[in-house]
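In what follows, a single structure is set out as structure tokens and then discussed.
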Protein chains: 2
Amino acid sequence: MTDLSIGRLATLSGVKVPTIRYYESIGMLDAPPRSPGGQRRYDDDHLEQLRFIRHGRELGFGLDDLRALQDLSARPDRPCEEADGIARKQLAEVERRIAGLEAVRRELERMVERCSHGVVDECRVIQTLSDHHLCAGDHAPDHQTALRDT
Amino acid sequence: MTDLSIGRLATLSGVKVPTIRYYESIGMLDAPPRSPGGQRRYDDDHLEQLRFIRHGRELGFGLDDLRALQDLSARPDRPCEEADGIARKQLAEVERRIAGLEAVRRELERMVERCSHGVVDECRVIQTLSDHHLCAGDHAPDHQTALRDT
DNA sequence: CCTAATTGCTATAGCGACTAGAGGTTCAAG
DNA sequence: CTTGAACCTCTAGTCGCTATAGCAATTAGG
């Protein structure tokens, strides 16, 4: 299973080719040896490392957190308090975002339900955006909390 | 209430000063007249426009959507189908994100609960990241779905 | 063995939606 | 009239990629 091209590694890991190169460039993924012609040749350790990163990203960890977790996993004798703390912090963050998004969802539902399907001037969607007082009023006091994303 | 400085506008709207200038630079907010010395002087229409944008951002609309909604609100006779559609699209997006985050939350809870508070080598947090098979396995197949944000 | 298609390489720029900093100017209060 | 807060422009940085351009290497088929 050794001598994986970057494309093969991408397929096996589920991480896109440019992203793999990006991870290497920022020191998230060990730089692999190269073929005589200069192409990257990976092994199973790289695959494992990349899957670790991918899985962490799926769980919403930032690359800094994942770097810290990687470092910890390389020191198996250390207490796992720090790893646990990072995970708890991430859980708290996810819960915060869910709460914000739930408030947003409720407000959007209200907007959409009350739309009378007439003209813009009477449209509840536009009205609500123009005047926050038409809201239930409990959403996203901190607009950082709201969302953004893909 | 006319002749607002940018700082006053920022206070009244809840949008930061650099963000206001940014919105102007990308054509989201009308450029205001200037004082003799070249400082921006806003009026109530600008405040309203900015509150519209802010409210929309809190609800997670992208700036492109908000531009479209702004344009629609300037044409009150048009049917509100388009506005309704944009809101429904946003609602669907928010629901998608909540679903993704709920899956992530469940997984993080599992990780944290099972952490034995021993050493890293036995740490469920690290183990789970290393091996996806330890997951309930239902989270974020598309990693775009997951999260990211502030 | 040769060629063509595919895959790989580097480097740079762009995305969204801001945020931060440098270095200078204007304004308003006392 | 002085002082200091608030304002100005411009550039660069944030996060985590993604896209493009212009090449070079590899691999599969004939």
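The values are calculated or read from the model by the stated rules, or taken from the named source; none is laboratory data. Quick caveat: nothing in here was measured; it's all calculated off a predicted structure. Please note: Cβ atoms are built from the backbone with ideal geometry, for glycine as well, and neighbour counts cover all protein chains shown.
Remark: residue B:37 matches the filter, which requires a residue to be over 24 Å from residue A:111 (Cβ atoms), near DNA strand C (Cβ under 8 Å from one of its atoms) and surrounded by fewer than 14 Cβ atoms within 10 Å (Cβ to Cβ).
Here residue A:112 meets the list (1) away from DNA strand C (no atom under 16 Å from the Cβ); (2) β-branched (Val, Ile, Thr); (3) crowded, with 21+ Cβ neighbours inside 10 Å almost entirely, failing just condition (3).
Can you tell me which residue among B:26, B:20 is crowded, with 20+ Cβ neighbours inside 10 Å, within 16 Å of DNA strand D (Cβ to nearest atom), among the aliphatic types (A, V, I, L, M) and closer than 30 Å to residue B:91 by Cβ? Don't jump to the end; show me each part of the working.
Numbers: B:26 fails: crowded, with 20+ Cβ neighbours inside 10 Å.
After ruling out the rest, the residue left standing is B:20.
For segment B:1-21, name all the residues that are in a helix (DSSP H, G or I) and out of contact with any Gly (no Cβ under 8 Å at 6 or more places or on another chain). Before the answer, list the steps.
So the first thing to find is which residues in segment B:1-21 are in a helix (DSSP H, G or I), and the list is B:6-13, B:17-21.
If the condition is that a residue be in a helix (DSSP H, G or I) and out of contact with any Gly (no Cβ under 8 Å at 6 or more places or on another chain), then B:6, B:7, B:8, B:9, B:10, B:11, B:12, B:13, B:18, B:19, B:20, B:21 are the ones that fit.
When we screen B:63, B:4, B:47, B:91 for residues that are closer than 30 Å to residue A:118 by Cα, within 12 Å of DNA strand C (Cβ to nearest atom) and modelled with pLDDT of 95 or more, the only hit is B:63. Looking at residue A:107, is it buried (at least 19 other Cβ atoms within 10 Å of the Cβ), within 28 Å of residue B:94 (Cα to Cα) and either free of Cβ contacts under 8 Å to residues at least 12 places away in the same chain or over 21 Å from the mean Cα position of the chain (by Cα) (or both)? Yes, satisfied.
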